Amino acid sequence: MGLYTSVCCVILVALLTVTCTSGEDPYRFYNWNVTYGDIYPLGLKQRGILINGQFPGPQIESVTNDNLIINVFNSLDEPFLLSWNGVQQRRNSWQDGVFGTNCPIPPGQNFTYALQVKDQIGSYFYFPSLGFHKAAGGFGGIKIASRSVIPVPFPPPAGDFTILAGDWFSKNHTDLKAILDSGNNLPSPDGLLINGRGSNGFTFTVDQGKTYRLRISNVGLTASINFRIQGHKMLLVEVEGTHSLQNTYSSLDIHLGQSYSVLVTADQTAQDYYIVVSTRFTSQVLSTTSILHYSNSAGSVSGPPPGGPTTQIDWSLEQARSLRRNLTASGPRPNPQGSYHYGLINTTRTIRLTSSAPIIDGKQRYAVNSVSFIQPDTPLKLADYFKISGVFSIGSIQDNPTGGGAYLQTSVMNADFRGFAELVFENPEDTVQSWHIDGHSFFVVGMDGGQWEPASRLRYNLRDTISRCTVQVYPNSWTAIYMPLDNVGMWNVRSENWARQYLGQQFYLRVYSPANSWRDEYPIPRNALLCGRALGRRTRPL
């Protein structure tokens, strides 16, 4: 196959997948070529991962329910996968783009993702999910706009900016991976980036008096960040697909994998202002800046960049508790978001997940409920579909911390479709953590310091908490969520700290329906790549 698939071929793929998507919803087509290229994020040359020659990669612009046909050609010298952080892949974990669900794209070959942003709005990002590719780039923004017939709870902004911020290492991704493979911890990051550039490397131009939407994501590897703009306030309007109560903030903590939308009005004197990102809860505070440039600016930035919080946990916890759902706003559908009364639904199961950092066989590993995940030789979704024994076993991770020694296992937890689960993330360690669940959005009902116990439920917010897909757990603390198990498939539950994820702090949640119906889950794609023990099997015939 040539470097780029022809338009006719891509249209054919779209037609072949029509059973998996609504024919009435629009299609958007993307052709991406993934290559290595020279980048200079911290002023020194590094080998980065580019998409169509860009770092960060191209923005995905879409509208609720759009079908996205993304043809990815792998021009690297190693296998490659893209995942879509926050896109729920309704009934379609086949497109999730992590090794538990997909075979990697071999060098010199392509794979066409066919996914739908079903019943979603908001700000997300994509990233390379294999190994330590994320440390080389390959990430980009995802914007899902509301349909024109659905009211948005704020006036249309004059502009819309995506800001991809996070920590960065000067070592290349293969060196970082080798450090972890040898059983050692990563060094501290070397700096921070905003949209792939170091200090003052990026400029956002605004007109005085107008209001702009900023979609901010933490795409880093290890550090929480704080975001602020010199002389300006930020009105929070969206958190990972949920219209929020419109509180005003001077700065925002954004933990690994999280995304926020804020409105900023250019209501100050016409000049340039610092946009600042700095690390949180780190022994050495790193920071970087970009420029908010008024189009009629009479002067450049002046004074020092505004300082922000550094190690204060209570400050961050109180800010996290201030995030609330806008109960009068419509979501991707016309019904108010608050009409789903999560607090009145009885939970069907409680799952407590405790993190740890054990040494196993003389090497640093990370675990949850004493299990440190190891990648199988065959994607779990394929093994499940083709009924290949010996790849994984259901129940290989327990619902509660065991208190025993840590061990290596390909951990998969079973869950019943249409259940309503309470999950409690428990963090007995001294570092802030961040957890993401693919395929779902969940309600963050509580977080606090100390040990979770059943009486902690008395402090849950059962009325208007935010719902999202990535949540932080503070040091020596817990965070509780309520999650509807409403999406059949094999779903990754992972630490968003990429070293911890790579060294085992993840598992898969198998949401199962015995009906075996296309109404509950789409069939295997005709173009699915096969590998491992699934080689030689057949997908659906054309």
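See the values below:
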| item | result |
| --- | --- |
| Output for region 252-281, where each listed residue is among the small types (Gly, Ala, Ser) and open to solvent by 10 Å² or more (accessible area, probe 1.4 Å) | Ala270 |
| Of residues in region 22-60 being among the acidic types (Asp, Glu) and either in contact with a His (Cβ under 7 Å, 6 or more places away or on another chain) or free of Cβ contacts under 8 Å to residues at least 24 places away in the same chain (or both), the one surrounded by the most Cβ atoms within 10 Å (Cβ to Cβ) | Asp38 |
| Any strands (runs of 3 or more DSSP E) falling wholly within region 393-437 and containing at least 1 residues that are open to solvent by 70 Å² or more (accessible area, probe 1.4 Å) and of a type outside the set (A, V, I, L, M, F, W, C) | 407-409, 411-416 |
| Some residue of region 515-528 being hydroxyl-bearing (Ser, Thr, Tyr) and not in a loop (DSSP other than H, G, I, E, B) | no |
| Breaking point among (1) closer than 23 Å to Ser393 by Cβ; (2) of a type in the set (D, E, K, R); (3) outside any helix (DSSP H, G or I), for Arg533 | (3) |
| Some residue of region 226-236 being open to solvent by less than 30 Å² (accessible area, probe 1.4 Å), farther than 19 Å from Leu292 by Cα, at pLDDT 95 or above and touching a Lys or Arg at 6+ places or on another chain (Cβ under 6 Å) | no |
| Filter pass, Tyr502 being open to solvent by 40 Å² or more (accessible area, probe 1.4 Å), within 19 Å of Phe386 (Cα to Cα), at pLDDT 95 or above and not hydrophobic (A, V, I, L, M, F, W, C) | no |
| Matching residues, region 205-223, being more than 14 Å from Leu252 (Cα to Cα), within 24 Å of the chain's Cα centre (by Cα) and part of a strand (DSSP E or B) | Tyr212, Arg213 |
| Hey, Ile351 of a type in the set (Val, Ile, Thr) and under 21 Å from the mean Cα position of the chain (by Cα) or not | no |
| Inter-residue pairs, beta-carbon under 9 Å, first surrounded by fewer than 18 Cβ atoms within 10 Å (Cβ to Cβ) and in region 282-309, second among the charged types (D, E, K, R) and in a loop (DSSP other than H, G, I, E, B), 6+ apart | Leu286/Asp190; Ser295/Asp207; Asn296/Asp207 |
| Filter pass, Tyr482 being farther than 30 Å from Gly97 by Cβ and open to solvent by 10 Å² or more (accessible area, probe 1.4 Å) | no |
| Qualifying residue in region 284-291 (condition: closer than 20 Å to Gly198 by Cα and touching a His at 6+ places or on another chain (Cβ under 7 Å)) | no |
| Scope region 361-417; condition basic (Lys, Arg) and within 25 Å of the chain's Cα centre (by Cα); matching residues | Arg365, Lys381 |
| Given (1) within 20 Å of Leu529 (Cα to Cα); (2) part of a loop (DSSP other than H, G, I, E, B), index of the condition Pro156 fails | (1) |
| Top-ranked residue of region 311-344 - restricted to ones that are under 20 Å from Tyr260 (Cβ atoms), in a loop (DSSP other than H, G, I, E, B) and out of contact with any Pro (no Cβ under 9 Å at 6 or more places or on another chain), ranked as most open to solvent (accessible area, probe 1.4 Å) | Gln312 |
| Search result, residues across region 299-351 that are farther than 26 Å from Gln88 by Cα and touching a helix residue (DSSP H, G or I) at 6+ places or on another chain (Cβ under 8 Å) | Pro309 |
| Selection from region 120-149 of residues that are in contact with a Ser or Thr (Cβ under 7 Å, 6 or more places away or on another chain), in a loop (DSSP other than H, G, I, E, B) and open to solvent by 10 Å² or more (accessible area, probe 1.4 Å) | Ser129, Ser146, Arg147 |
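The values are calculated or read from the model by the stated rules, or taken from the named source; none is laboratory data. For clarity, every value in this text was computed on a predicted model and none was experimentally measured. Because the Cβ atoms are built from the backbone with ideal geometry, glycine has one as well, and the counts that use them run over all protein chains shown. Ligands, DNA and RNA are excluded from the accessible area calculation, which covers all protein heavy atoms including side chains. Shrake-Rupley method; radii C 1.70, N 1.55, O 1.52, S 1.80 Å.
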